[in-house]
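Asker: Quick one: the structure is below, questions incoming.
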Amino acid sequence: MTLMHKFLGAAATVALSAGVAMAEPGLIIDLGGKFDKSFNESAYTGAQRWVEETGGDYMETELQSEAQREQTMRRMAERGANPVVVLGFANASTLEKVAPDYPETNFTIVDSVVDQPNVQSIVFSEHEGSYLVGMLAGMASDTGTVSFVGGMDVPLIRKFACGYVQGVKAVDPEIEVIQNMTGTTPSAWNDPVKGGELTRAQISQGSDVVYAAAGGTGVGVLQTAADEGIYSIGVDSNQNYLHPGSVLTSMVKRVDNAVYDAFQSAAEGKFETGVQVLDLESEGVAYAVDEHNEALITDEMSAAVEEAKQKIISGEIEVHDYTATDSCPVE
Amino acid sequence: MEKMPKWADVALIPLINLVLALVVSGIVVTLIGEDPFEAMAIMVRGAVGSTYGWGYTLFYATNFIFTGLAVAVAFHAKLFNIGGEGQAQIGSLGVALVCLAIPWPHWILALPVAVIGGALFGAAWAAIPAYLQARRGSHIVITTIMFNFIASALLVYLLVETLKAPGMAPETERFPPGTFLPNARDIFAAVGIEFGRSPLNIAFLLGLLACWLVWLLMWRTKLGYEIRAFGHSESAAVYAGISPFRIVMLAMLISGALAGLMAVNAVMGEQQRLLQDNVLGAGFVGIAVALMGRSHPVGVLLAAILFGALYQGGAELEFETSVPREMIVVIQALVILFTGALDNMVRDPVKRMFLRYGKRDPQPGTTPAE
């Protein structure tokens with residue numbers, strides 16, 4: 001009995017000290033994989049940058065299925081990860097259930113709002129960024145038809161599409177926009193073959209610029225666009241380098257900054273819960289220009305987009321947010 | 001002595017199979033540059049080293065008990081039901097519909113109805129392949145596996161089109177609180193024991209009850225006798241006046257109902273809403289569990305706990321080390337391979353060894369029971 005007590009006591013001490021030593025942040029990579037060249041990879045890049053700059057350490061794990069979300073989140077929290085960063089709207093209902101069980105742990109959810117005292121919700125103004133790349137698409141198109149390939153058909157992706165269409169129409173209301181969604185389930189985020197097929201169908205309808213907002217599926221869209229010799233627009237991460245000369249630009253969503261800031265603010269003890277909106281002004285969303293695509297963006301295009309950007313920031317141009325009304329004024 | 005003793009059949013051979021699987025896994029782990037003993041230690045600690053680990057191990061085991069019993073019952077009638085996955089998915093639909101139907105006041109009322117819902121839906125999904133087998137001779141292996149895909153597609157359709165909750169993810173609304181099953185943590189807290197947070201719930205007891213009922217059915221009832229007789233020899237069964245149609249249908253209906261009951265644990269007990277892939281391959285693990293458990297409820301129970309430990313330990317291993325997740329699937333697959341497919345590889349030498357031992361040292365009167 002005494003021995004047992006001693007043993008338990010020792011175990012408890014070890015557990016306690018382990019808890020203190022392991023107050024490091026945690027990142028749960030969502031379905032679609034760490035190297036999807038898009039959403040998840042952006043988050044991973046942010047975490048890596050934090051490691052390089054601070055020399056800190058973090059826990060990371062990768063989801064394999066919907067039903068594992070809860071166990072994975074709980075395990076992260078049980079292990080003392082703080083804050084626990086989860087990626088994507090699909091985590092919202094699980095986090096709502098898990099967060100109250102761990103009042104001492106902070107959580108960050110990207111792309112959705114969870115109203116709990118220990119949750120930081122980060123949402124992006126994707127409609128604003130999509131508006132700008134839509135303008136670029138409209139100006140780059142020769143055929144007068146551009147297109148959009150979405151991942152899973154959810155309001156979030158319609159928000160991308162709606163902003164894009166508004167940007168295109170701002171250049172010329174006559175330009176036609178073809179829209180397709182890859183699917184209705186999470187597997188739509190990782191189906192490059194179907195992405196390529198949709199792109200081919202759009203090209204046959206005359207599209208010469210395609211915007212992919214589809215996670216890993218977008219890799220197939222960009223590949224097909226490069227093969228067929230049309231322009232494409234990447235999403236989330238800067239994908240310009242994938243096919244230089246074919247990728248017109250990328251609608252960069254700084255998930256990496258969101259992850260970095262969550263890690264860093266926690267390390268500095270300045271972690272704030274509540275909703276944070278990352279928009280054009282805070283450079284949470286942007287269109288990417290680098291050595292791979294600068295030849296494709298003329299000075300004229302660049303000037304027009306910069307002007308629109310300033311006007312959106314100042315409020316002179318108001319881009320409609322699909323999720324605000326669940327509808328889009330333009331098609 | 002023509003047979004080897006029963007204890008060797010039910011305990012020694014599965015144990016040798018398991019050890020062989022672990023040894024091969026260890027070699028693979030070494031080849032990818034990790035310490036196999038360290039990996040083993042993490043797996044064991046993760047699965048049974050804490051109440052949290054036990055909670056998850058037994059939670060997964062509960063899933064496997066139901067799917068394992070489902071396969072076992074069909075096995076006794078020589079029917080290879082590999083549609084447990086689909087039957088469990090449709091069972092989850094039944095459980096979800098029950099839970100969402102009315103605002104249940106208390107789980108005691110919700111549980112029996114959910115059990116009926118899950119069992120009915122699971123049985124209904126098994127009924128079609130069963131009918132095709134019994135009347136048309138369409139092979140049950142082919143039809144049940146095809147029905148897995150249909151079930152999955154049906155669930156996706158319903159979750160996207162009709163049952164979807166407001167919001168973006170394809171899932172139903174959360175069930176009302178009156179359907180939440182008592183959790184192991186709450187039960188143990190009531191008697192003053194601290195139990196880690198896990199989804200282990202009262203459905204585990206339901207699983208144990210199902211084991212006992214299946215034993216009762218198979219070895220203590222006329223129907224169970226008929227199922228086993230049919231499984232041993234169809235022509236003899238027909239000669240004895242047993243209707244093959246009736247046996248095929250009943251065995252498959254019971255099998256499907258058991259698979260459907262898995263949802264009471266997974267969907268009602270843990271997820272508390274209907275998700276798209278809520279079965280997580282448990283239907284297929286059930287086949288391995290039934291094989292390893294020799295289609296006997298006690299064997300199924302033990303094998304289910306082993307696989308529960310492998311699942312939970314494997315998840316922990318992935319979390320703790322850089323062993324990739326695929327590696328854990330490899331370890332699980334090796335266990336399935338050795339206990340299922342390569343069973344005879346071990347069985348024959350062990351049998352020969354027993355026979356030789358028996359000849360050299362004949363001791364009449366002390367022959368172990370058959």
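Derivation of every value follows stated rules applied to the coordinates shown; laboratory data play no part. Given the structure is predicted, the values throughout are model-derived calculations rather than measurements. So basically every Cβ, Gly included, is an ideal-geometry build from the backbone, and we count neighbours across all protein chains shown.
Asker: 222 nm [θ] for chain A, helices only, -39500 (n - 2.57) per DSSP H run of 4+, per residue, to 500? Mind showing how you got there, number by number?
Answerer: Details: 11 runs with 142 residues, N = 331.
It comes out at -13500 deg cm²/dmol, rounded to the nearest 500.
Asker: Between 0 and 90 degrees, rounded to the nearest ten: what's the tilt of helix A:69-78 against the longest Cα principal axis of chain A?
Answerer: The helix A:69-78 is inclined about 50 degrees to chain A.
Asker: Here is a further query. Could you point to the residue in B:Phe195, A:Gly196, B:Val73 farthest towards the positive end of the protein assembly as shown's charge dipole, with +1 and -1 charges on the Cβ of Lys/Arg and Asp/Glu respectively?
Answerer: Of the options given, the answer is B:Val73.
Asker: What is the helix-to-structure angle for A:126-140, meaning the angle in degrees between its Cα long axis and the longest Cα principal axis of chain A, kept from 0 to 90 and rounded to the nearest 10?
Answerer: So the inclination is approximately 30 degrees.
Asker: Could you check which residue among B:Ala210, B:Ala309, B:Ala61 shows the biggest mean-square fluctuation in a GNM of chain B with a 10 Å Cα cutoff?
Answerer: It is B:Ala210.
Asker: Would you work out the charge dipole size for segment A:98-186 about its Cα centre, treating the Cβ of every Lys and Arg as +1 and the Cβ of every Asp and Glu as -1, and quote it to the nearest 20 debye?
Answerer: 100
Asker: Please compute the contact order of chain B in relative form: average sequence separation of alpha-carbon pairs under 8 Å and at least six residues apart, divided by the residue count, as a percent.
Answerer: 35
Asker: List nothing, just return the count: lysine pairs in chain B, 8 or more apart or interchain, with Cα separation under 19 Å.
Answerer: Qualifying lysine pairs in chain B: 6.
Asker: Please report the relative contact order for chain A, taking Cα pairs under 8 Å with a sequence separation of at least 6, and give it as a percent rounded to a whole number.
Answerer: Reported as a whole number, the value is 19 percent.
Asker: Something else now. Using r as the Cβ-Cβ distance of B:His106 and B:Trp212, and R0 as 22 Å, what FRET efficiency do you calculate, to the nearest 0.05?
Answerer: Given R0 = 22 Å and the Cβ-Cβ separation, E is 0.30.
Asker: Oh, and also: Against the longest principal axis of chain A, how steep is helix A:155-171, in degrees 0 to 90 to the nearest 10, with axes from Cα atoms?
Answerer: 30
Asker: Tell me which aspartates and glutamates have Cα within less than 19 Å of A:Lys37's Cα, excluding those fewer than 8 residues away on the same chain?
Answerer: A:Glu60, A:Glu62, A:Asp111, A:Glu126, A:Asp191, A:Asp227, A:Asp236, A:Asp256, A:Asp290, A:Glu291
Asker: Still on this structure, I have one more. Which aspartates and glutamates, on any chain, are close to A:Lys270 with Cα under 12 Å apart, when same-chain ones fewer than 8 places away are left out?
Answerer: Within the straight-line limit of under 12 Å, A:Lys270 reaches these aspartates and glutamates: A:Asp261.
Asker: Name the residue farthest towards the positive end of the dipole of chain B from the options B:Tyr131, B:Thr144, B:Leu20, assuming +1 on Cβ of Lys and Arg, -1 on Cβ of Asp and Glu, about the Cα centre.
Answerer: B:Tyr131
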